[in-house]
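Every read-out reported here was derived from the displayed coordinates using simple, explicitly stated rules and does not represent laboratory data. Note that the coordinates shown come from a computational prediction; the quantities given were computed from them, not determined experimentally. Here the Cβ positions follow ideal geometry from the backbone for every residue, glycine too, while neighbour counts run over all protein chains shown.
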Amino acid sequence: MLWNESTRPTVPEARAPRPGEDVSAGHHLVEVHDHLREELVRLRELVVQVADGALTASAARSHIATMTLRRNNWSLGAHCAAYCRFVTLHHTTEDRQLFPELRRFDPRLAPVLDRLSEEHLVIHDVLERVDRALVAFVAGPEGTAELRGAVGLLAEALLSHLSYEEDELVAPLGRFMAGG
């Protein structure tokens with residue numbers, strides 16, 4: 001793992017929903033994360049199938065056409081790149097808009113928000129590694145192992161990060177969106 005999960009700060013008194021509190025607004029974050037998880041599963045499956053020769057590039061293109069993060073260029077590389085851009089956009093929005101607002105709303109969250117922002121930087125580095133692996137993959141079959149490894153590392157880091165963020169922010173985000 002790229003970080004030590006046991007060193008993550010938590011704010012138990014902030015993350016626990018109050019009795020009768022509606023935290024449904026905080027669940028929108030989970031919905032976005034679930035979408036990222038679903039697309040990540042599909043991406044990993046396609047990388048494995050193409051790398052193993054179990055799926056042709058043409059068949060992979062057909063599968064990608066059904067995915068919601070698709071772009072005009074229906075290739076595995078284009079989907080990987082689009083997915084990486086979406087993750088980066090999501091994290092940038094959190095760092096520049098959501099986290100500063102949550103920090104003002106509940107200063108106790110500062111250590112958690114700092115850690116989440118640090119993890120965003122680590123994930124950004126992993127996304128750049130995926131990008132480099134895509135270049136190697138396009139260049140020839142010797143890039144297959146590098147692409148598999150990069151996508152696997154992305155999955156490990158991103159899934160860990162998303163869970164931590166949800167654990168810490170769903171209730172506070174619900175309170176913030178409800179106005180207090």
If the label point sits 7 Å along Cα→Cβ of THR88, residues of region 106-132 with amide N under 19 Å come out as 117-132
Label model pair GLU5, HIS124: point-to-point distance (7 angstrom along the Cα→beta-carbon line) in nm is 2.5 nm
Taking the convex hull of the alpha-carbon atoms of region 133-180 and averaging its shadow over every direction gives an area in square nanometres of 4.2 nm²
Across all Cα atoms of region 82-139, Rg and the largest Cα-Cα distance (Dmax), in Å, are 14.4, 49
Residue span SER117 to GLU156: 0.36 nm per residue of separation minus Cα-Cα distance leaves a gain in nm of 12.3 nm
For region 89-128, the charge dipole (Cβ of Lys, Arg +1; Cβ of Asp, Glu -1; about the Cα centre) points to a positive end, and the Cα of PHE105, VAL122, HIS90 closest to that extreme belongs to PHE105
